[in-house]
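A quick write-up on the structure given underneath.
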């Protein structure tokens, strides 16, 4: 009887060791892998890249059954997504995923973390957003008249437009003000040529000491996809009230 009890104790110890080994870091190295769909999507705030966490079919985490995704932007963003069994085209797979969009043409690091028997396992991947070019340019002004020889300002807004979403942050457009002979007139205070998050470039314009009177042409130009030049012109008038 004593031999049998000792045998059972040894057997339990061996089983316990096997269970522990099952959850050792070495045995969990390949339990999580990441893949990416639509990498290189345009950074228009609409088009998305999908980051997918893939698992073996017989895999399960602890009670929560989730993947914690972290997107490393200027301000990091965290999301938790459930792990699900997906059936598609006659095959099965176990996965969790997130959809990510961006308004800046750059690369983002995405990390996925799971917990298995108290062990944290992480994988990361870099995704890339390409520039969302403008399809149309539009220029407007807060007033259509401006006083010559005065430092009174008007606000000139250059809009870079797309059919879907917005142009990428910091897209470039140049704005000039010329007279009927093509000569530059006036000055921009704190001239800007890069777009904000709404695809706009806002400048303050004044004639200052320039006493020119007559028609002025506000011209905005930017390069679109395939290096196609986009331009728009607004006519304003320099005149005394």
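Gaussian network model of the chain, Cα springs within a sub-10 Å range: biggest mean-square fluctuation belongs to which of 88, 37, 136? Evaluated over the chain, the most mobile residue of the options is 88. Taking the average, over residues, of other Cβ atoms within 10 Å as the packing measure, peptides 67-73, 186-192, 155-161 rank 155-161, 67-73, 186-192 from highest down. Relative contact order (percent) for the range 136-238, with alpha-carbon contacts under 8 angstrom and 6 or more residues of separation? Averaging sequence separation for qualifying contacts and normalising by length gives 36 percent for the range 136-238. Sorting 224-230, 44-50 by average packing, meaning the other beta carbons within 10 Å per residue, from highest down gives 44-50, 224-230.
The mean sequence distance of close C-alpha pairs (under 8 Å, at least 6 residues apart), as a share of the length of the chain, puts its relative contact order at 17 percent. Its Cα gyration tensor gives the range 136-238 an equivalent ellipsoid. The semi-axes, each the square root of 5 times an eigenvalue, are 26, 14, 10 Å from largest down. Annotation for the range 67-83 versus the range 117-192: alpha-carbon center distance of 30 Å.
Taking other C-beta atoms within 10 angstrom as a stand-in for reagent exposure, 80, 115, 195 fall in the order 80, 115, 195, fewest first.
Comparing the chain with the 2.2 N^0.38 Å rule of thumb, its C-alpha radius of gyration ratio is 1.71 (two decimals). Inter-label distance, residue 117 to residue 30: 1.8 nm, where each label sits 7 Å from its Cα along the C-beta direction.
Bear in mind these aren't lab numbers, they're just calculated from the coordinates by the rules spelled out. Remember, it's a predicted structure, so these values are computed and weren't measured experimentally. Here the Cβ is made from the backbone with ideal geometry for all residues, glycine too, and neighbour counts use every protein chain on show.
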